[in-house]
Amino acid sequence: MSQDFHMNREELQGLCENEPQKMVEIYESLLMSYHIQQARLDALLETVNEAICIIDESDTVVVWNPCAEHLYGIAAKDILHKPIEHFFSNLMLTKVMKERRTVHEEYHTPCPDTHVLINAMPVKLSGQVIGGVCAERDITEVVRLNQKLSKTHEEVESLKQEIHKINTQTDSFSSIYGHSTAIREAISVARRVA
């Protein structure tokens, strides 16, 4: 099925004129190769657990997988073939494409209350940037849990300080071990007098 289709323009024109059936075979073979690659790409996009977005050189969305639909609540039919700027204002993908750089596992907030780790890079063909691709892993719940944990940690530290204050206060009567009613009343009277 796989053939090497590197021909110059003159060879291709000669083939069209002299061997039209051979051209049809090459076309059918190329078309089949395209369909196979498309099926593989579709399976990959359905399989991964990351939100995948691919844009072309004019920032138009050309690929938007089901995880991206779920993460951002935007259906593929609504975003495909439209400028990505219409949906997001904080765009790492377009920045990566314009700057011709790659990012790996970089923390990013593409929209309020959504936290992701992003991998992104420009798509190049013959050295020319023709778009960009990104894969984003949702870490929103991890960030929220971390914020709750930090707040709880602060509360625990505050309580520790309060307990330490209580335990280190100078109370002359704190070393008395008795708990009978008579001893407690005597300590209470003594505290008032002291």
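The values are calculated or read from the model by the stated rules, or taken from the named source; none is laboratory data. The structure presented is a predicted model; accordingly, all values stated were derived computationally and were not measured. Because the Cβ atoms are built from the backbone with ideal geometry, glycine has one as well, and the counts that use them run over all protein chains shown. In case anyone asks, the SASA skips ligands and DNA or RNA and just uses the protein heavy atoms, side chains included. Shrake-Rupley method; radii C 1.70, N 1.55, O 1.52, S 1.80 Å.
Using the beta-carbon distance between GLU17 and THR140 and R0 = 45 Å, what value does 1/(1 + (r/R0)^6) give for FRET efficiency, to the nearest 0.05?
Taking R0 as 45 Å, the efficiency between GLU17 and THR140 is 0.15.
Can you find, among SER180, SER126, TYR72, the residue farthest towards the positive end of the dipole of the chain? Put +1 on the C-beta of Lys and Arg, -1 on that of Asp and Glu.
Highest projection toward the positive end goes to SER180.
Charges only on Cβ, +1 for Lys and Arg, -1 for Asp and Glu: so what's the dipole of the chain about the Cα centre, in debye to the nearest 20?
Once rounded to the nearest 20, the dipole reads 1420 debye.
Can you give the accessible area per residue of the chain, in Å², using a 1.4 Å probe?
I get 73 Å² per residue for this part.
What lysines does LYS95 reach when the alpha-carbon gap must be under 23 Å and sequence neighbours fewer than 8 apart in one chain are set aside?
The qualifying lysines are LYS82, LYS124.
Which of ASN65, ASN18, ASN119 ends up with the largest GNM mean-square fluctuation for the chain, with Cα atoms connected below 10 Å?
Top of the fluctuation ranking is ASN18.
Sort region 41-132 into rounded, prolate or oblate with this rule: let a ≥ b ≥ c be the square roots of the eigenvalues of the Cα gyration tensor; rounded if a/c is under 1.5, and if a/c is not under 1.5, prolate when a/b is larger than b/c, oblate otherwise.
Rounded is the answer for region 41-132, as its axis ratio a/c remains below 1.5.
Note the listed values (i) 60, 37, 29; (ii) 120, 31, 29; (iii) 59, 34, 33, then indicate which one is Cα extents along the principal axes in Å calculated from this particular structure.
(ii)
Build a GNM of the chain with springs between Cα atoms under 10 Å: which of GLY131, GLY178, GLY73 gets the top mean-square fluctuation?
Looking only at GLY131, GLY178, GLY73, the biggest GNM fluctuation is shown by GLY178.
Grab the Cα-Cα distance for ASP113 and LYS77, subtract it from 0.36 nm times how many residues apart they are, and report the gain in nm with one decimal.
10.6 nm
Comparing ILE166, ILE74, ILE54, which has the greatest mean-square fluctuation in the GNM of the chain with Cα pairs linked when under 10 Å apart?
In the Gaussian network model the winner is ILE166.
May I ask you to derive the FRET efficiency for VAL24 and VAL48 from their Cβ-Cβ distance with R0 = 45 Å, giving the value to the nearest 0.05?
After rounding, the FRET efficiency stands at 0.75.
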